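The block underneath contains the structure these notes are about, expressed in structure tokens.
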Amino acid sequence: MKEIRFFYAPDVAADAELPADEAAHCLRVLRLQAGDEIRLTDGKGMFYKAEITTATGKRCLFKVLEAVPHPKEWSGHLHLALAPTKNMDRIEWLAEKATEIGFDELTFLDCRYSERKVVKTERIDKILVSAMKQSHKARKPLLNEMEDFKRFVARPFAGQKFIAHCYDEADVAGVVKASEDKAMDGGKPFLLDELDAGQDALVLVGPEGDFSIEEVRLAQAHGFRSVSLGRSRLRTETAALVAVHLMHIRHARM
């Protein structure tokens, strides 16, 4: 059976033509022609069965045969906010894998110990589109520009708010505690145990040098709860992916 190809057409309801990059892939790489059937996603929750009507030069026009609403595979709005790593390959990998798993929004944070202050979101957005199509999803995560940590945590957010960090809770609270009494997870609850599937969720993940302890305290003052992502020490992009996976597990519609 011939494989059905997925293409991203964000304005499919108003414009029956593939965007330039999608058209190039369709016509030049896959060599599809008029009469071939394709599947479209608008990245907003809809799939479309379509047929190519015109395939000339750099243009690919189509007609929609059927519109199919696609219920989201998870409940709530899942938002990941993290400080990007110095190596952008790791962040691109994270964006791809998190989209394959399933989440709703990605924000980059400028923190005290951030090693990267600028992110080219155009490249990340293309990776989100590619991962959405590859994993046959109907929703593209919302991608935000980098934002100052202090401004971000002060924003209103109706759901649950968490900050994942490596400090012991006693240290954050300024309480003297014998080192031998400190747990591997810093006395913090495991994220999966704290998530409520009935609520939106936002998780903060820090830079390679972690959040500063002042940033953790500031986040807590704005209603964020400290959580552990497990007993292993994780790289930033691994911690972020674990956070997305745990949110998805708790909110998955079975």
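The values are calculated or read from the model by the stated rules, or taken from the named source; none is laboratory data. Predicted, not measured: the structure shown is a model, and the values here were computed from it. Methodologically, a virtual Cβ is constructed for each residue, glycine included, from the backbone with ideal geometry; neighbour enumeration extends over all protein chains shown. Just the protein is used for accessible areas: all its heavy atoms, side chains included, with ligands, DNA and RNA removed. Shrake-Rupley method; radii C 1.70, N 1.55, O 1.52, S 1.80 Å.
What's the ranking of 161-167, 84-90, 25-31 by average number of surrounding C-beta atoms within 10 Å, highest first?
Highest mean packing first, the order is 161-167, 84-90, 25-31.
Share of antiparallel DSSP beta bridges in segment 11-117, in percent to the nearest 5?
80 percent
Can you find, among 167, 244, 20, the residue farthest towards the positive end of the dipole of the chain? Put +1 on the C-beta of Lys and Arg, -1 on that of Asp and Glu.
Value: 20.
Mind ranking 212-220, 75-83, 120-128 by how tightly packed they are, going by the mean number of other C-beta atoms within 10 angstrom, highest first?
Values: 212-220: 17.8, 75-83: 22.3, 120-128: 14.7.
So the order, starting with the most tightly packed, is 75-83, 212-220, 120-128.
Can you work out the Karplus-derived ³J(HN,Hα) for every residue in segment 141-147? Use 6.51 cos²θ - 1.76 cosθ + 1.60 with θ = phi - 60°, whole Hz, and x for glycine or proline.
x, 6, 10, 10, 6, 4, 9
Computing the accessible area with a 1.4 Å probe over protein heavy atoms, can you report the carbon and sulfur percentage for segment 61-155?
Roughly 49 percent, rounded to a whole number.
Take every DSSP beta bridge whose two residues both sit in the chain, then give the antiparallel share in percent to the nearest 5.
Of the beta bridges lying entirely in the chain, close to 40 percent run antiparallel.
For the pairs 72/120; 63/126; 117/161; 44/72; 133/161; 58/140, note any where the Cα-Cα span goes beyond 21 Å.
Numbers: 72/120 28 Å; 63/126 25 Å; 117/161 24 Å; 44/72 10 Å; 133/161 29 Å; 58/140 25 Å.
Violating the 21 Å limit, Cα to Cα: 72/120; 63/126; 117/161; 133/161; 58/140.
What order, most packed first, do the peptides 198-207, 54-63, 41-50 have when packing is the mean number of other Cβ atoms within 10 Å of each residue?
198-207, 41-50, 54-63
Specify the angular offset, from 0 to 90 degrees and rounded to the nearest 10, of the alpha carbon long axis of helix 121-134 from the longest principal axis of the alpha carbons in the chain.
Taking the Cα atoms of the chain, the angle to 121-134 is about 70 degrees.
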